[in-house]
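Contents: one structure, followed by commentary.
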Amino acid sequence: MPSSPPNEFSGLIFAPSEENAVYVLLGLLWRHLPVQIAFESFEIDPARESYHHTKWLDAKGKLFEEGRWKDIFIEFKHRSSGFLSDLAKHPGLTVDLLICWEHDAPDVENHVGRLLELRKIFWSLPPEERKYLIWKPEISWKIPAAEHKISELISNFSADGQIKVRAMVNYWESVIPGKSELKFYAGKSTAVRVYKYKREYFLVLSRFAAELPELVEKYDGKQSQEGVRVSLETLIVEDVLLILKSVRAVARLV
């Protein structure tokens, strides 16, 4: 667990890593929102609203626009790409307002009336404002039970490797420790594995690596049936995080 925040602090310790934290952060950012919203009720039954889909919506409320209050339906997501899963299950689904921490799926804009990306609002604030809202915004919360095992596995790497792997863990939301490796999950699938044997590597699994030829061409990755293996030792932290960002983009499409 982290050391204690400053005595005057009251907010989120880490950046949001799931939907509930988005609800909390919305309240913390309330006076900084670029729109006026009034919440009326939560957990909306689509049948009672005469919707043709079966997706229960997160909230119903009103949006002040063009000089008057308009009725709206609202969805919350950690990332906007989460709404793509809802669309796959409920074709024709639309909402008036989608509120998320990170907007990472431009296609979602075709299915929502308006989108609020709280991450963008948060980082637009002056540092003196941000420090009272999220204490460590560069870090996403991890499951405490797994954190000790993750730290143990990271300690097996060289000093330079530990810096890179810790940066990867801090960047990626769902990291599960294995017996001798770290697994980075995209949904229910492992996207990346990080491990040390004689050398330090990470492996981008085949279904994700297939869309990233630069892993071989630019980063000298080694192709195998399992995926593309890239040496941690030859990359700087910025390269590693850029690769993870690319994997994340591919994960939204597979």
- Message: So for segment 48-58 (the condition being farther than 30 Å from Pro127 by Cβ, touching a helix residue (DSSP H, G or I) at 6+ places or on another chain (Cβ under 9 Å) and of a type in the set (Ser, Thr, Tyr)), does at least one residue qualify?
- Response: yes
- Can you spot a residue in segment 153-162 that is more than 25 Å from Lys136 (Cβ to Cβ) and either crowded, with 17+ Cβ neighbours inside 10 Å or among the acidic types (Asp, Glu) (or both)? no
- Message: Cβ-Cβ distance below 6 Å, separation of 6 or more or different chains: which pairs start in segment 126-140 with a residue that is within 11 Å of Ser17 (Cα to Cα) and end on one that is among the hydroxyl-bearing types (Ser, Thr, Tyr) and surrounded by 15 or more Cβ atoms within 10 Å (Cβ to Cβ)?
- Response: Ser140/Ser17
- Note on the structure: When every residue in segment 212-231 that is under 20 Å from Thr190 (Cα atoms), modelled with pLDDT of 95 or more and assigned to a loop (DSSP other than H, G, I, E, B) is compared, the one farthest from the chain's Cα centre (by Cα) is Gly221
- Do any strands (runs of 3 or more DSSP E) lying entirely in segment 48-114 carry at least 3 residues that are more than 22 Å from the chain's Cα centre (by Cα), and which ones are they? 57-65, 68-79
- Task: For segment 136-166, enumerate the residues that are outside any helix (DSSP H, G or I) and modelled with pLDDT of 90 or more.
- Result: Ser155, Asn156, Phe157, Ser158
- Item | Index of the failed condition, Lys120 passing every other in (1) free of Cβ contacts under 8 Å to residues at least 40 places away in the same chain; (2) in a loop (DSSP other than H, G, I, E, B) | (2)
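The values are calculated or read from the model by the stated rules, or taken from the named source; none is laboratory data. As the structure is a prediction and not an experimental result, all values here were calculated from the model. Note: ideal-geometry Cβ built from the backbone for every residue, glycine included; neighbour counts use all protein chains shown.
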